[in-house]
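The values are calculated or read from the model by the stated rules, or taken from the named source; none is laboratory data. Since the structure is predicted, the reported quantities are computational estimates derived from the model, not experimental observations. No Cβ is skipped: glycine too gets one built from the backbone with ideal geometry, and neighbour counts run over all protein chains shown. The area values use the complete protein model at the heavy-atom level, side chains included, leaving out ligands, DNA and RNA. Shrake-Rupley method; radii C 1.70, N 1.55, O 1.52, S 1.80 Å.
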Amino acid sequence: KFLGPNFSESYCWPPIAQGCDVVAISYQGNNPFLYIPPILTLLQSSSCYKASRNKSGPLALILCPGWKKAQLVFELLKTYQRCSRQLHPMLLILGQNKEAAKSVKIRGCEVIVTTPYSLLRLFERHMLFCNLCHLVLDEVEVLFSDAPEQVFTILDCYKKPIIAEEWKYSQQIIAVGTHWSKHIAHLIQEFMNDPYIVITAIEEASIYGNVQQVVQLCTDSERTAALLKILDFTHSNLQKVLIFTNSVNEAEMVHQTLKSNSIFALKIHEENEFNLKYILEQWKNKYSSGTHVVLVLTDECMQSLEITDATCVIHFSFPSPRIFAHRLHSMSDNFCNVIKDSSVDQEYTRPQSVILLTENNEWDALGILRYLQHAEAEIPPELHDLTAKMLKDEEYQKLSRPLCTHLKTFGTCRTVCLDRHQVNLQIDVPQHIPDTMTQTPGYVMILPLHIVNATNYFGRIVDQQKDQYAILAEEINRYFKEPGNKIAVKNVEKLAFYGLCEKTVVHRIQVLDISPKEKENMFYSVEIKYIDEGRTCQVQSYQLLHLPPKFQCLPPQAVEFVVCRVKPIDNELEWNPKVTNSIHQKVKGKLHKAKVVLTLGNTAWIDPMVGIELLPDLKMSVNEYDVRSEILSTGLGTDNPEHITQLQKL
């Protein structure tokens, strides 16, 4: 079902399949398909590996930035190796338990998929590099951002065997990603041998090519004055300047302004395209050093002109990201090859991209700031001030959103997140949590019923004196045992409460959503929430039962619990399923004693959370395990001492 390689893959596959070192920066740079087919192709050629036959160890190593990406790559390898000889790929995610590394058997495995931290833990116990021919760095900019020391240690180890003995075959390094960085430049210069560098994202090519990004903040009325100041040339070199506008009227206005200030400029837009041949002749003329050629144009004319030798692009009007890239491409002939030209000629003048940022495009300022930071460009203090205010406004607009899950779970958020990152006292008033507990936080009995991950659960707070929910649940199930009481709901309403029978138990549920398209059918699915357990799912509308009002009086009992002071190892953003599965088996449906240290909305942070066994005959309980300690004992969790402190700051 594969239709063929896309634009970036078409450039990457041939050099990879030939065994060359390759760096690929692309909008699709996080897609493993950039390298998996050519690597599999290369691994079929047994003649390439004659020198490695009497050695043991994998032939290829794929480094991923986290367990989730490693899992994806491993699954893809398993899928596509069906077309080739058996390579026995292995997915290796190791925790901090040293015994885990000892038990790993890699004999017969030709491809290992892992993370930098896991590989170094394995390396302490196994010789991995003596047979290695291919090293793949997946999402290379993330690897260098999250684990630079570990990645460079691995690169050093990979290259050492070449010095130790004469090899019959070369070692290949493949680095793919979405962003260029200075670490990648170091990788190329220190560890690669005449690599193919494929950059299909023009914004990234401009960073590689040493384009100087300049931001000029001004009001809309000051734009022409700012433009004239920029065009006050001082360079002795030939300057070929493109001034991009977003309309015919704007192009005419800018051209007239330049003419009034004795600046000779060419002009082209969609209403005078008959001048195209003349404009191109003027642009392509051989000019002497110190000449300044200026062309005012609209974006619609870019494709017809096919200009690639501009030395400066001025964004008189601000473009979309796609158009911005096209504009930068107009300077591509002057992009510096920073890898080959390690000492840039003193006569060389960096191509410039000048952005006029006004109050009309303030909302683009955040994107500009991030791009300038990525390009390591000089950032005007005014832009910092403007974006700080905008970030504050952006957070204010999120006030009705749920509190960020990462913030709740770990105390910080390191993702591009649409949820709220500040406390909203109107929303975050404690719900479904006993008043006595919020006034004097202390130990409570909790029953986890829905396990989201290793530290996040939904369940109930159990009142040992008088458990009102247990009494209600008994009444509900007694009521619905009568066949005449099981009345199917005819018209399902959003946010209404109903009953749902699962095996022999009836649960209270709330309808969260009904798809408009679904409702046209006789039977349709609805999204529901079990209000006393916290889980959500899709069910068929005909399964919902009429729930008498007397069973709706008790408020929803589900509370979210977060175990404090523990987080995943290796800067991971999510818990490894191994930890979640282990904790799931241990805590679900079992009574625990927990100390509540903080409450916000329907969430209670607990530290500690201890599994207990009740001994009714002796009227006492025995502590069986501490959940946080159980997580740490897996080797996949680590201490997070700032967790509650960060939340209390909010």
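Descriptive notes on the structure:
- Overall dimensions of the chain as given by Cα atoms, namely Rg and Dmax in Å: 31.5, 101
- Sum of -39500 (n - 2.57) over DSSP H runs of 4+, divided by residues of the chain (222 nm, nearest 500): -9000 deg cm²/dmol
- Here the chain is assigned +1 on the Cβ of each Lys and Arg and -1 on the Cβ of each Asp and Glu. Its dipole about the Cα centre then comes out at about 2560 debye.
- Total lysine pairs under 20 Å (Cα atoms) in the range 207-392, excluding pairs fewer than 8 apart on one chain: 13
- With a Cα cut-off of under 24 Å and a minimum spacing of 8 residues unless on different chains, the lysine pairs in the range 474-553 number 23.
- Value of D in µm² per second that Stokes-Einstein yields for the range 71-160, Kirkwood Rh from Cα pairs, at 10 °C (1.306 mPa s): 113
- Per DSSP, loop chymotrypsin sites (Phe, Trp or Tyr not before Pro) in the range 488-561 with at most 11 further Cβ within 10 Å: PHE523
- Packing rank of 130-137, 246-253, where each peptide gets the mean count of other beta carbons within 10 Å, highest leading: 130-137, 246-253
- Over the chain, relative contact order from alpha-carbon pairs under 8 Å, at least 6 apart, %: 11
- Net charge dipole size for the range 207-392 [Lys, Arg +1 and Asp, Glu -1 on Cβ; Debye, nearest 20]: 240
- Site pair THR308 and CYS130 shows an inter-label distance of 4.9 nm when each label is modelled 7 Å from Cα along Cα→Cβ.
- Cross-link reach list, lysines versus LYS1, counting only Cα pairs under 22 Å and skipping chain neighbours closer than eight places: LYS78
- Stretchable slack from GLN86 to SER260, in nm (0.36 nm times residue separation minus alpha-carbon distance): 55.3 nm
- Along the axis of the charge dipole computed for the chain (Cβ charges of +1 for Lys and Arg, -1 for Asp and Glu, origin at the Cα centre), the listed residues VAL211, LEU91, ASN623 are led at the positive end by ASN623.
- Computed from the Cβ-Cβ distance with R0 of 41 Å, the FRET efficiency linking VAL429 to ASN97 stands at 0.45.
- FRET efficiency, SER247 to LEU418 (Cβ-Cβ, R0 41 Å, nearest 0.05): 0.80
- Against the main long axis of the alpha-carbon atoms of the chain, helix 182-191 sits at an angle near 80°.
- Put LEU72, LEU297 in order of accessible area, highest first, and with a 1.4 Å probe you get LEU72, LEU297.
- Nearest 10 degrees, 0 to 90: helix 365-374 Cα axis against the chain principal axis: 80
- The range 490-608 - share of DSSP beta bridges that are antiparallel (%, nearest 5): 85
- Just the protein heavy atoms count here, and of the accessible area of the range 207-392 at 1.4 Å, carbon and sulfur take up 47 percent.
- In a DSSP loop and with at most 13 other Cβ atoms within 10 Å, the GluC sites (Glu not before Pro) in the range 465-561 are GLU493, GLU520.
- Inter-probe distance in nm under a simple model that places probes 7 Å from Cα toward Cβ, at GLN464 and CYS157: 5.0
- Nearest 10 degrees, 0 to 90: helix 7-17 Cα axis against the chain principal axis: 90
- The loop-placed trypsin sites (Lys or Arg not before Pro) in the range 394-423, going by DSSP, that have at most 12 neighbouring Cβ atoms within 10 Å of their Cβ come out as ARG414.
- Solvent-accessible area of PHE7, all protein chains in place: 130 Å² (probe radius 1.4 Å, heavy atoms, ligands and nucleic acids excluded).
- For the range 198-314, the relative contact order works out to 35 percent when only alpha carbon pairs closer than 8 Å and six or more residues apart are counted.
- Net lengthening on full extension, SER515/MET390 (0.36 nm per residue, minus Cα-Cα): 41.5 nm
- The simple Förster model, with R0 at 25 Å and r as the Cβ-Cβ distance, assigns VAL622 and GLN585 a FRET efficiency of 0.80.
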